[in-house]
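In what follows, a structure is listed as structure tokens, so that the remarks can point back to it.
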Amino acid sequence: MKQAITYELLHECKQTGARRGVIHTPHGDIQTPIFMPVGTQATVKSLTPEELKEEVEAQIILSNTYHLYLRPGSKIVKEAGGLHNFMRWDRPILTDSGGFQVFSLGDLRTISEEGVTFKSHLDGSKHIFTPESVMETEEDLGADIIMAFDECCPYPSTYEYTKNSMERTTRWAKRCKEAHTTTDKQGLFGIIQGGFYKDLREQSAKELIKLDLPGYAIGGISVGEPKEEFLDILRYTAPLMPKDKPRYLMGVGTPDYLIEAAKAGIDMCDCVLPTRIARNSTAMTSKGKVVVRNATYEKDWGPLDDECDCYACKNYTRGYIRHLVKANEILGIRLLSIHNLRFLTKLMERVRIEIENDNLGTFAEEFYRKYYGE
């Protein structure tokens, strides 16, 4: 049967081993490595789909299964023609499984072999997610790439807890594959777990690869651990993943983590960070973070970043955007969101070029010197 998602490897960087490739999906090709903006509730906060395409040049966006299950409900989205039609986005979409969101509920959820029972953060109503119900929800939503239901361990966790959790995630992945019916329209990705224990990461990868899924993700890192531990597990786990399928690192959105992910051989990353910090008046720039709210920018008539080609940087000054933020005008958040997302998509465009030129390691060193002011 024809697979909905396939991966084409174009080049490997001789300096770092980073991959330059293309992911083929029912709604178009994705040039990799790629950063994916997050549209949790079928919208990237404050931006229109047209702005995402034309100003940010986003190739793919994410939506959240947990939130859309609760509101408006996956059956309503299905009746609207699926997420693409519902939100008027004609490029690829990925939906997560809701596993991380349920994990984040803490005392409001209970995990068993069957699935996770939880209380809605909206109204306290009781629900259960099982691998089978999550597949039904994700099929209703209709994204190109859908994630298997997994359990994300908190940091730190004991070896015994992590092992049991990882093995349950593997069993759930098998159930997800058995329940997944729309294989010609949607690609199901498995999520490698195992916390910060390398033998568990290796076991998880081996067992999931046996399922022969269209793609694989690394979950359960970038959850509050020190950067050194993050990099150690990333660099250990990425080479365990199949070379002929997409490799996705979940929940990463700072420039340094994106570059290090690419160097490790990762193809896809996502994070809510760029729009979240925009709402806190922070811009990512080639010379580091700029907190526009600060008084130092009151009479600054330059762009957020003089190396950026986004709509905000081409048309508005730091001083004006500071005024908007201080006045609680929505336009300030919108301009910062456009800028931060474009900054990251442009960074990944550059990363792809440097991979093709076998120069990613050198570029990374130069970028860090400038970004951190060293």
Cα Rg, Dmax (largest Cα-Cα span) when computed across segment 263-338, Å | 13.1, 43
Descending principal axes extents, segment 137-223, alpha-carbon based, whole Å | 38, 24, 17
Once you've got the Cα coordinates, tell me which of LYS177/LYS243; LYS263/LYS289; LYS126/LYS346; LYS174/LYS198; LYS75/LYS177 are over 32 Å apart.
-> LYS126/LYS346
Once you have the alpha carbon radius of gyration of the chain, what is it after dividing by 2.2 N^0.38 Å, with N set to its residue count?
-> 0.97
For segment 46-176: Kirkwood Rh in Å [reciprocal of mean 1/r, alpha carbons] = 15.8 Å
Those helices of the chain passing the 20 Å axial Cα length cut-off and the mean Kyte-Doolittle cut-off of 0.0 (DSSP H runs only) are 330-356
How high is the relative contact order of segment 215-374, in percent, with contacts defined as C-alpha pairs under 8 Å that are six or more residues apart?
-> 19 percent
Counting only heavy atoms of protein chains, what accessible area per residue, in Å², does segment 242-365 have with a probe of 1.4 Å?
-> 39 Å²
Quick one: putting +1 on the C-beta of Lys and Arg, -1 on the C-beta of Asp and Glu, what dipole do you get for the chain around its Cα centre, in Debye to the nearest 20?
-> 580 debye
The chain: calculated mean residue ellipticity at 222 nm from DSSP helix runs of at least 4, using -39500 (n - 2.57) = -11500 deg cm²/dmol
How much of the accessible area of the chain, in percent, comes from carbon and sulfur atoms when a 1.4 Å probe is used?
-> 50 percent
Positive minus negative residues near ARG88 (Lys, Arg vs Asp, Glu; Cβ under 13 Å) = -1
Residue-normalised accessible area of segment 94-174, given per residue in Å² at a 1.4 Å probe | 41 Å²
So what are the radius of gyration and Dmax for the Cα set of segment 82-152, in Å?
-> 13.2, 38
If ARG342, ARG350, ARG88 are ordered by their accessible area, calculated over protein heavy atoms with a 1.4 Å probe, which sequence runs from highest to lowest?
-> ARG88, ARG350, ARG342
Residues of type lysines that LYS45 reaches as a straight line, Cα spacing below 19 Å, ignoring anything fewer than 8 places off in the same chain | LYS53
What is segment 122-233's relative contact order, in percent, from Cα pairs under 8 angstrom and six or more apart in sequence?
-> 28 percent
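The values are calculated or read from the model by the stated rules, or taken from the named source; none is laboratory data. Remember, predicted model here, so these are calculated numbers, not experimental data. Glycine also receives a Cβ, built like all others from the backbone with ideal geometry; neighbour counts cover every protein chain displayed. In case anyone asks, the SASA skips ligands and DNA or RNA and just uses the protein heavy atoms, side chains included. Shrake-Rupley method; radii C 1.70, N 1.55, O 1.52, S 1.80 Å.
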